[in-house]
1. Just the residues that are part of a helix (DSSP H, G or I) and either without any contact (Cβ under 8 Å) to a residue 40 or more places away in the chain or out of contact with any Phe, Trp or Tyr (no Cβ under 9 Å at 6 or more places or on another chain) (or both), please, taken from segment 104-126.
2. Out of everything in segment 127-161 that is in contact with a helix residue (DSSP H, G or I) (Cβ under 9 Å, 6 or more places away or on another chain) and at pLDDT below 75, what residue ends up being nearest to LYS82 (Cα to Cα)?
3. Can you go through ARG50, ARG16, ARG101 and tell me which one is touching a residue at least 40 places away in the same chain (Cβ under 8 Å), of a type in the set (D, E, K, R) and closer than 30 Å to LYS131 by Cβ?
4. Condition test on GLU124, is it more than 21 Å from LYS3 (Cβ to Cβ) and charged (D, E, K, R)?
5. When the residues of segment 30-48 are narrowed to those that are among the hydrophobic types (A, V, I, L, M, F, W, C) and under 12 Å from the mean Cα position of the chain (by Cα), which ends up modelled with the lowest pLDDT?
Amino acid sequence: MKKCAIYARVSTTDQRVDNQLIDLRLFAEQRGYEVAGEYTDVGISGSKARRPGLDAMLRDARKRKFAVVIVAAFDRMARSVKHFLTVVDELDSLGVEFVSRRENIATDGAMGRLFITLISSIAELEAELIKERVRAGIRRRKLEGLPVGRQPLDVDHEAIVAARLGGMSLTNVAKQYGVSRASVVRWVREARQGGLSSTEADQPPVSCAA
């Protein structure tokens, strides 16, 4: 029975990698593979060449811990053709087969290699088209005089700072006002640097760990 590695990736921390893992485990079972290891990257873009999970998988591939790598789709491995083919070429040089479940393509033959090159080129083109649509949207908003980019939160900074300096925990302040803990810490720091009333200035420093 061939040993395989499962690699799964999601771009944001809001997404769950479990869905890919469940499908890939079943896929491996159907193919008669024994899963030797699972490698994941969560909240990391496919445009990044260096990723903890991917790097760990390649290290184990060099140690010959498995003979096959399976992924849910090409774009889970990489977004750019150059990086994608670099990874696949390294796996191929190690005698490790690459299999994509969605595209139903494996690199154990010349046709598989051809399809990988073609489809990964299409994936890169799609990514570029998305970027261009975003840039076009930004240009349109600028021409229409509309704000561009992330807008500031509509919250009462002074109330948040007062609540935190008044003794409310960092977590509770963040929950009550619907903001992140990091934002609370930043606003309190800015308030201190900008000058506070004598009563507030006498308060002890705010800890990020509260």
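The values are calculated or read from the model by the stated rules, or taken from the named source; none is laboratory data. Keep in mind that this is a model prediction, so the values were computed, not measured. Here the Cβ is made from the backbone with ideal geometry for all residues, glycine too, and neighbour counts use every protein chain on show.
1. Filtering segment 104-126 for residues part of a helix (DSSP H, G or I) gives 110-126.
Hits for segment 104-126 are ALA110, MET111, GLY112, ARG113, LEU114, PHE115, THR117, LEU118, SER121, ILE122, LEU125, GLU126.
2. Residues of segment 127-161 that are in contact with a helix residue (DSSP H, G or I) (Cβ under 9 Å, 6 or more places away or on another chain), as a first pass: 127, 146-149, 153, 155-161.
Checking which are at pLDDT below 75 leaves us with 147-149, 153.
Working: PRO147: 36, VAL148: 32, GLY149: 30, LEU153: 39 Å.
Across segment 127-161, the extreme among qualifying residues is GLY149.
3. Numbers: ARG50 fails: touching a residue at least 40 places away in the same chain (Cβ under 8 Å); ARG16 fails: touching a residue at least 40 places away in the same chain (Cβ under 8 Å).
Only one candidate passes the filter, namely ARG101.
4. Working: more than 21 Å from LYS3 (Cβ to Cβ): yes; charged (D, E, K, R): yes.
Judged against the criteria, GLU124 is a match.
5. Here is the first cut: in segment 30-48, the ones among the hydrophobic types (A, V, I, L, M, F, W, C) are 35-36, 42, 44.
Those left that are additionally under 12 Å from the mean Cα position of the chain (by Cα): 42, 44.
Working: VAL42: 93, ILE44: 87.
Out of the qualifying residues, it is ILE44.
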